[in-house]
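A short write-up of the structure that comes next.
Read-outs: derived from the displayed coordinates by stated rules, not from any lab. This one's a predicted model, so the numbers in the text were calculated from it and none came from an experiment. Here Cβ is always computed from backbone atoms with ideal geometry, including for glycine, and neighbour counts include all displayed protein chains.
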């Protein structure tokens, strides 16, 4: 290698180190604010527009939208495209975390299950990074970047000030496990992808010495599981069993904290603005609270309590009201 080439390489390295210094300082002193919208829990789809408008006045790093529609709404392309256009108009970067209500109960024109076809269509509509408005883009890596998992573009990860953020497709309806024989290929393929994705997330965070990991999903894989059914029992099998074991095993090797922000409503143990901790794994229900609520999650690894949660509400006039706040 010539002296000129060595000098050029040193300049690149030094420039990179200098560019990291401001981020390191911000990681020590600054808050990372995230707006979390659990849209699937709302009764009025129009509230999504109101909540997005309310977040325009917040200084958020990004908006996490869990679920783009309710189960009672149409699964047609027209609705998907309408919601996509609505999210594209947000002032802040938007990250979509798919919900069970978006695809698992969809039917085709003959009233036959169309879940897989609709899931693939959602992937085409909502995860085309090149088609996203420039202002709404984060520097994300997708699981689909790996040829082995080219279908799983909805799983993404990114870093902000040294904190590892990621989405993982875990539908709240028991991880979309189907008890009927021969119908679980989607679940089985996604389970393999999920285990690989979780491994990559934690390995990357450990290698980069990230003190915190924040996962966004629809279902809560850490919720207390019902007893496993006996042979021949009609009780349903726990669709999160393998995922829970994987997260627990990975967390045991990880020196930081892992927070799972999920949109699963109806969990009596999940209280608004409260993180439930199991050792270094926390679960936070974004879908709890009033129907018009959205949640602001503040992350600061330098703080004694690195996570602060505030439930917000939007009045009929579109004004923001502050709800319950807690440090966890």
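Sorting 193-200, 137-144 by average packing, meaning the other beta carbons within 10 Å per residue, from highest down gives 193-200, 137-144.
Rounded to the nearest 0.05, the FRET efficiency derived from the C-beta distance between residue 112 and residue 31 at R0 = 45 Å is 0.40.
Listed peptides 31-38, 213-220, 49-56 appear in the order 213-220, 31-38, 49-56 once ranked by packing, highest mean of other Cβ atoms within 10 Å at the front. Gain on full extension, evaluated as 0.36 nm per residue between residue 305 and residue 206 minus their Cα-Cα distance, stands at 33.6 nm.
Under the simplified labelling scheme, the residue 224-residue 278 pair shows an inter-label distance of 1.1 nm, with each label point 7 Å from Cα along Cα→Cβ. The length gained on full extension between residue 185 and residue 237, counted as 0.36 nm times the residue separation minus their Cα-Cα distance, comes to 17.2 nm. Region 148-163 to region 190-217: how many Å between their Cα centroids? Going from one Cα centre to the other spans 9 Å. In this calculation the C-beta distance from residue 58 to residue 253 is compared with R0 = 35 Å, giving a FRET efficiency of 0.50.
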